[in-house]
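What follows is calculated from the coordinates using simple rules that are stated; it is not laboratory data. In this text the structure is predicted, and so the values were computed from the model without any measurement. So basically every Cβ, Gly included, is an ideal-geometry build from the backbone, and we count neighbours across all protein chains shown.
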Amino acid sequence: MEPGLRDLISLAGKRALITSAAGGIGLATARRFGEAGARLVLVDRDAERLERARVELDAEVGVRALDLADSKEIEQLWRDLAEDPPEILVNNAGVYAFRSLLEVDEAFYRRQVAVNLDAAF
C-alpha cells in the first residue's frame, strides 16, 4: 500500500494562507496542504466558492473573501491574523484579462499590477 501524503510530508501544527483558493490551482494546493495536516486560511474574492471549498476540505479551514487589488483589505487581513499568523504563504492569485495594448487604460493596468505584484509584496 502506498503511503499517504501525511506519512511523507507533515505540516501538522503549521498554518498556511493560500490566495485564490476557491478553485483551480489554489484549491488543489489547499487540498494537499490539508492532507498534510496544515491549518488553512483560504483567501479569494468569491465568498460562495470559498464556503464550498471550506465545506469540501477535511481540515481546519478559515476563509476570507477579499479583493487582493485593495491594499486596505490586505492590511486588515494581516491585522486579523496577527495573533496566529501563518508560517506558510502561497501567493497563488494572479489575473490577466486579454486586451489589445491599445485598449489598456490606466485603471485596467493598475488592477493587473495590484493583484499580480502589489498583493504578493
Pull out all pairs, ordered by first then second residue, where Cβ-Cβ is under 9 Å, the residues are six or more apart or on different chains, the first lies in the range 47-60 and is closer than 10 Å to Ala21 by Cβ, and the second is outside any loop (DSSP other than H, G, I, E, B) and acidic (Asp, Glu).
Leu50/Asp44; Ala53/Asp44
Out of all the residues in the range 46-61, which are surrounded by fewer than 17 Cβ atoms within 10 Å (Cβ to Cβ) and not in a helix (DSSP H, G or I)?
Asp46, Asp58, Glu60
Could you figure out which of (1) assigned to a loop (DSSP other than H, G, I, E, B); (2) surrounded by 14 or more Cβ atoms within 10 Å (Cβ to Cβ); (3) out of contact with any helix residue (DSSP H, G or I) (no Cβ under 9 Å at 6 or more places or on another chain); (4) not hydrophobic (A, V, I, L, M, F, W, C) isn't true of Asp67?
(3)
Residue hits (the range 70-115; more than 13 Å from Val41 (Cα to Cα), touching a Phe, Trp or Tyr at 6+ places or on another chain (Cβ under 8 Å) and surrounded by 10 or more Cβ atoms within 10 Å (Cβ to Cβ)) are Arg99, Gln112
Exclusive hit being among the aliphatic types (A, V, I, L, M) and within 14 Å of Ala120 (Cβ to Cβ), set Leu66, Leu101, Leu40, Leu89
Leu89
